[in-house]
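Just below is one structure, and these are the notes that go with it.
Values in this text are rule-based calculations from the coordinates and carry no lab data. All values derive from a computational prediction rather than experimental measurement. Note that we place each Cβ from the backbone using ideal geometry, even for glycine, and neighbour counts take in every protein chain shown.
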Amino acid sequence: MTKKELKERLNDSICLLNVPGVGRTKFNNLIKKFGSASEALTASISALTEVSRISRTIASSIKKDADSDSAREIASRIIQLGWEVFFKDEPGYPLPLAQIRSAPPILFGLGKSPEEDEKIIAIVGTRTASEKGKLFTYNLASALAKTGVTVISGMADGIDSSAHRGSLDAGGRTIAIWGTSLDIIYPASNKQLANKIKEHGCILSEYLPGKNPDRSSFPDRNRIISALSSGVVVVEASKKSGALITVKHAMDQGKEIFAVPGFPTSNNSAGTNELIKCGAKLLSEVDDIFDELPALKGKVISTRHKARTDITDTEREIIDIFTTSPIQIDYISRTVNLPISELMEFMLALELKGVVKEISGKRFVLTEQNL
């Protein structure tokens, strides 16, 4: 598609989509009937009313209220911003997303195309996550990334951001679905994270330029997160958490649900514990995902800390043993074939470098880098 053709198609699509009363489902019905937004805009009122859910009132609105001038300005702005544009019926649009009833007619992207992501797991949870919850999320995302699984989330504070960072720091790909347009970073404090995601993954949004966050946009984006994933992991969530909206979409789409258990009196565990009661798979380590979805499991391709020049070969070998769970020093000793007395020198060095920390009983976990 040439730049001129893209601009014309964008103009027609935005023009039709912005007609009061149309929305994405009716838009998709119109495209299915007429083949393009251009044809729908020029169709007669009687032809328009033959389309499912298009009343005579909406048909009349399409003929009277379609604002081509405004649409053309928006289309020019999108092209000026350099966004990737994915039309639902064109190559490049993610197939799993195209198959849901409420698929966005147009998807906008920054970064690398999502087309190459075949193995995707969603990790979601509360914005007000505990430090333990964020660390667990970070390590889980890292473990997934090491086996070639792409992590998808919503780039909110808390669990979402930890998931993206864990994947990126392990050298993996990550996808962020925004509840704003791509020209508005939310939260603003995640600007640096957004730049990293663009470089090593992609950011997707269905919203036209200038769209600020509101009460409906974040629940809406959750259907995209679940649609693109093979399964959804909820780490921490209250009973009213927005993460549970993602779960509802995932259940409707036939996806696997995983929940991390928590302390019974913790508000952030109320939602996840309830999910487990209702049949979600209890998740305590990355292998719980692979047990349910074996097709996702691949060879470990650890690239964690690859940019650090202060990590020795032996230290890197130790790092690569870790996944999401604490590891006993005895296990590390056997795996890297080092006596504990010698191994402890390496563990001390890694602690001083901020890579691992000892928690209790000679058990170690990876620290959450750059959180």
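In whole angstrom, how long is each semi-axis of the equivalent ellipsoid of the stretch 103-173, when you take the square root of 5 times every eigenvalue of its Cα gyration tensor and sort them from largest down? Numbers along the way, then the final one.
Working: eigenvalues 92, 49, 16 Å².
So the equivalent ellipsoid measures 21, 16, 9 Å along its semi-axes.
Among Glu342, Glu236, Glu84, whose mean-square fluctuation peaks in a Gaussian network model of the chain (Cα, cutoff 10 Å)?
Taking springs between Cα atoms under 10 Å, the residue moving most is Glu342.
Compute the Cα gyration tensor for the stretch 313-366, then decide on rounded, prolate or oblate, letting a ≥ b ≥ c be the square roots of its eigenvalues: rounded whenever a/c is under 1.5, prolate when a/b is larger than b/c in the other cases, and oblate in all that remain. It would help to have the intermediate numbers written out before the result.
Values: a/c = 1.21, a/b = 1.10, b/c = 1.11.
Because its axes are fairly even, with a/c under 1.5, the stretch 313-366 counts as rounded.
Which of Gly166, Gly262, Gly82 moves most in a GNM of the chain, Cα contacts under 10 Å?
Residue with maximal mean-square fluctuation among Gly166, Gly262, Gly82: Gly82.
How far is helix 3-17 tilted, in degrees, relative to the longest principal axis of the Cα atoms in the chain, given as a value from 0 to 90 rounded to the nearest 10?
80
For the chain, set up a Gaussian network in which alpha carbons nearer than 10 Å are linked by springs, and say which option among Ala250, Ala145, Ala280 fluctuates the most.
Sorting by GNM fluctuation, first place goes to Ala280.
Of Ile58, Leu366, Ser102, whose Cα points farthest to the positive end of the dipole of the chain (charges on the beta-carbon: +1 Lys, Arg; -1 Asp, Glu; origin at the Cα centre)?
So the residue we want is Ile58.
Taking R0 as 51 Å, what FRET efficiency do you get between Glu358 and Met251 from their Cβ-Cβ distance, rounded to the nearest 0.05?
On the way: r = 40 Å, r/R0 = 0.78.
It comes to 0.80.
Between Lys33 and Arg334, how high is the FRET efficiency from 1/(1 + (r/R0)^6) when r is the Cβ-Cβ distance and R₀ = 56 Å? Nearest 0.05.
Working: r = 65 Å, r/R0 = 1.16.
The computed FRET efficiency comes out at 0.30.
Taking the 0 to 90 degree range and rounding to the nearest ten, how far is the long axis of helix 217-228 tilted relative to the main principal axis of the chain, both from C-alpha atoms?
Between the helix axis and the principal axis of the chain, the angle is about 70 degrees.
Rank these for me by crowding, Phe346, Phe364, Phe136, going from fewest to most other beta carbons within 10 Å. Present the calculation step by step, with values, prior to reporting the outcome.
Numbers: Phe346 18, Phe364 22, Phe136 26.
Ranking Phe346, Phe364, Phe136 by Cβ neighbours within 10 Å, fewest first, gives Phe346, Phe364, Phe136.
Short version: ³J(HN,Hα) in whole Hz for each residue of the stretch 327-342, in order, from phi by Karplus 6.51 cos²θ - 1.76 cosθ + 1.60 (θ = phi - 60°), x for Gly and Pro, what are they?
So the Karplus estimates, Gly and Pro as x, are 10, 5, 4, 4, 5, 4, 4, 5, 5, 9, 6, 10, x, 4, 4, 6 Hz.
Which FRET efficiency value, to the nearest 0.05, do you get for Ala295 and Gln99 by plugging their Cβ-Cβ distance into 1/(1 + (r/R0)^6) with R0 = 25 Å?
Details: r = 18 Å, r/R0 = 0.72.
Rounded to the nearest 0.05, the efficiency is 0.90.
Going by a ≥ b ≥ c, the root eigenvalues of the Cα gyration tensor, does the stretch 1-123 fall in the rounded group (a/c under 1.5), the prolate group (a/b larger than b/c) or the oblate group?
oblate
Helix 159-169 versus the longest principal axis of the chain: what angle, 0 to 90°, nearest 10, using Cα atoms?
Approximately 70 degrees, to the nearest ten.
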